[in-house]
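Reading through the structure tokens given below for one structure.
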Amino acid sequence: MPVDETGRERFSVTLRAPRIVFGERVAATELSAELDALKAARVLVLGSEREQRRNADLLSSLGTLVVGRFTGVRRHVPRAVAEESTELAKELRADCLLSIGGGSAVGTAKAIALETQLPIVAIPTTYAGSEVTPVYGITDESTKRTGRSDLVLPKTVLIDPTLTWDLPAELTRYSAVNALAHCVSGVFAPGRSPVTDALAVEGAVRLARGLRGLHTSGENASARSDLALGAYLAGTVLAHAGTSAHHTVCHILGGAFDLPHAETHTAVLPASSRFLEDREPGLAAQLATTLGGNTLADAIRDLLEAVAGEVHLRDIGLDRGDLPKARDLLSGEIGEHGVPGLTPAKATDLLNEVW
Ligand code: NAD
């Protein structure tokens with residue numbers, strides 16, 4: 001945290017956040033009014049075939065307000081998907097984008113909004129948190145280009161925990177731990193402030209409680225509510241504080257070895273937390289206490305063990321023979337950049353722990 005000459009905190013923060021409507025069944029009860037408030041008259045719906053089918057009643061209740069549907073959403077928004085959906089929005093003369101689904105659905109809406117400046121109303125069905133960030137990404141061939149723009153920040157987000165009630169257990173775990181990683185990474189990030197720290201701590205509490213609650217008692221409405229709220233707070237931390245070494249490690253390993261995104265976050269989080277807390281112990285202590293551990297790394301390891309969420313890089317595609325290259329990439333010996341402060345010895349320790 002930057003401090004002034006007297007050693008006291010000094011920071012600036014501009015909160016840019018969508019209007020949030022949170023609660024069980026708000027999608028069914030509030031969507032019409034929220035679209036009305038935005039004067040939407042020609043809505044284009046974006047979401048996978050499965051999500052649109054699952055929410056068929058909700059979407060058909062909008063009647064002629066819906067002028068078209070796009071189901072070709074894909075992870076990381078391939079350029080062709082961005083172009084095809086943008087063309088459709090223009091052809092239909094849509095005046096509002098309604099995304100329903102996970103990060104892939106809202107990511108597609110963001111790509112259209114970037115080009116057309118159309119407002120987005122988002123209904124998330126996972127815990128990715130993208131619906132509260134101004135961050136977009138479009139993938140050309142295999143390179144993902146990301147950027148920030150207020151144009152892509154949704155105007156309204158309806159967070160309805162009932163829409164995640166049947167999110168499969170494994171997807172739930174990875175998605176929620178990914179959100180937890182945003183909270184952890186955020187308290188060490190360059191853009192952090194007391195505001196984002198407070199959001200990160202409450203977000204971590206909700207996510208941990210939700211994960212434990214769901215694991216011990218199966219389908220559980222209050223655990224789902226905690227997870228949905230925690231994901232919202234985590235996304236807000238990501239939007240305002242940014243990320244730190246944890247994300248850099250995941251980005252480097254994921255990119256070099258084509259590892260699955262959410263699983264990589266889950267595998268790396270205990271060890272990256274240890275690295276971060278060694279560098280800035282004061283910050284980590286508050287989060288560790290909140291999560292009920294002596295150290296942040298222990299608290300996260302305990303949580304993952306308790307909810308059967310432990311995963312190792314060897315299980316998700318990193319071969320033993322890849323480890324020397326992984327060490328050199330992480331420490332910056334090869335490649336464009338490494339992780340600041342992660343020496344080859346520390347990179348080896350980290351990899352040994354997560355492999
Ligand atoms: P996703 O949107 O691809 O959804 C994952 C899978 O879950 C899909 O098969 C989907 O059909 C299914 N699904 C979604 N909701 C469901 C439900 N309620 N029940 C059952 N199945 C359901 O994945 P995601 O993890 O939500 O998002 C990942 C994408 O979001 C990535 O492209 C990532 O880069 C991006 N992202 C962006 C930001 C940002 O700020 N821009 C933040 C986080 C993630």
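Bear in mind these aren't lab numbers, they're just calculated from the coordinates by the rules spelled out. All of these numbers come straight from a predicted model, not from anything done at the bench. Quick reminder, even Gly has a Cβ in these numbers, built from the backbone with ideal geometry, and neighbours come from all protein chains shown.
Could you tell me how far the Cα centroid of the stretch 206-237 sits from the Cα centroid of the stretch 256-285, in Å?
Here the answer is 20 Å between Cα centres.
For the chain, what is the calculated [θ] at 222 nm in deg cm²/dmol (nearest 500), taking -39500 (n - 2.57) for each run of four or more DSSP H residues and dividing by its residue count?
Helix-only estimate at 222 nm: -16500 deg cm²/dmol.
Take each uninterrupted DSSP H stretch in the chain, measure its Cα extent along the helix axis, and return the ones at 27 Å or beyond whose mean Kyte-Doolittle hydropathy is at least 0.5.
Numbers: long enough: 194-217 (34 Å, 0.26); 221-241 (30 Å, 0.78).
Those that clear 27 Å and a mean of 0.5 are 221-241.
Quote to one decimal, in nm, the extra length available between residue 33 and residue 286 on full extension: 0.36 nm per residue of separation minus the C-alpha distance between them.
Length gained, residue 33 through residue 286: 87.0 nm.
Return the percentage of antiparallel bridges among DSSP beta bridges fully within the chain, rounded to the nearest 5 %. Please report the intermediate quantities before stating the final value.
Values: 7 of 27 bridges.
So the antiparallel bridges amount to about 25 percent of the total.
Quick one: putting +1 on the C-beta of Lys and Arg, -1 on the C-beta of Asp and Glu, what dipole do you get for the chain around its Cα centre, in Debye to the nearest 20?
560 debye
Under 5 Å between amide H atoms, partner at least 5 residues away or on a different chain: which partners does residue 69 have, H built in plane at 1.01 Å?
45
Count the net charge of all other residues whose Cβ sits under 13 Å from the Cβ of residue 344, scoring Lys and Arg as +1 and Asp and Glu as -1.
On the way: positive: 325, 327, 346; negative: 328, 333, 349.
Overall, the nearby charge balance is 0.
How much length would be gained if the chain were fully extended between residue 312 and residue 57, taking 0.36 nm per residue of separation minus their Cα-Cα distance, in nm to one decimal? Intermediate results must be reported in sequence, preceding the final value.
Details: separation 255, 0.36 × 255 = 91.80 nm, distance 4.04 nm.
That pair, residue 312 and residue 57, stretches by 87.8 nm at full extension.
Can you give the Rg to Rh ratio for the chain, taking only C-alpha atoms and Rh from Kirkwood?
For the chain, the value is 0.97.
Residue 101's amide H: which non-local residues (gap 5+, or another chain) put their own amide H closer than 5 Å, with H modeled 1.01 Å from N in plane and none for Pro or chain starts?
123, 125
Just check the stretch 25-67 against the gyration tensor rule for me: Cα atoms, a ≥ b ≥ c as the square roots of the eigenvalues, rounded for a/c under 1.5, and otherwise prolate or oblate depending on whether a/b exceeds b/c.
Values: a/c = 2.07, a/b = 1.35, b/c = 1.53.
Oblate.
So the label point goes 7 Å from the Cα of residue 90 along Cα→C-beta, right? Which residues of the stretch 107-146 then have their backbone N under 17 Å from it?
Under 17 Å, as judged by backbone N against the label point of residue 90, lie 109-119 of the stretch 107-146.
Give me the number: length gained by fully extending residue 64 to residue 222, i.e. 0.36 nm times residue separation minus the C-alpha to C-alpha distance, one decimal in nm.
Gain on extension, residue 64 to residue 222, equals 53.4 nm.
Please work out the Cα center distance from the stretch 117-188 to the stretch 14-65, rounded to the nearest Å.
If you average the Cα positions of each part, the centres end up 16 Å apart.
Report the one residue of 111, 121, 147 whose Cα lies farthest in the direction of the positive end of the charge dipole of the stretch 102-192 (charges on C-beta: Lys and Arg +1, Asp and Glu -1; origin at the Cα centre).
The residue sitting farthest along the positive end of the dipole is 147.
If the cut-off is a Cα-Cα distance under 23 Å, which lysines reach residue 110, setting aside same-chain residues fewer than 8 apart in sequence?
39, 90, 144, 155
Among 270-278, 14-22, 168-176, 181-189, how do they line up by average Cβ neighbours within 10 Å per residue, starting with the highest?
181-189, 270-278, 168-176, 14-22
Extending each Cα 7 Å along its Cβ direction at residue 71 and residue 83, get the distance between those two points in nm, one decimal.
Simple spin-label model gives 2.4 nm for this pair.
Check which residues have an amide H placed less than 5 Å from residue 96's amide H, if you skip close sequence neighbours.
Placed amide hydrogens put 42, 44 under 5 Å from residue 96.
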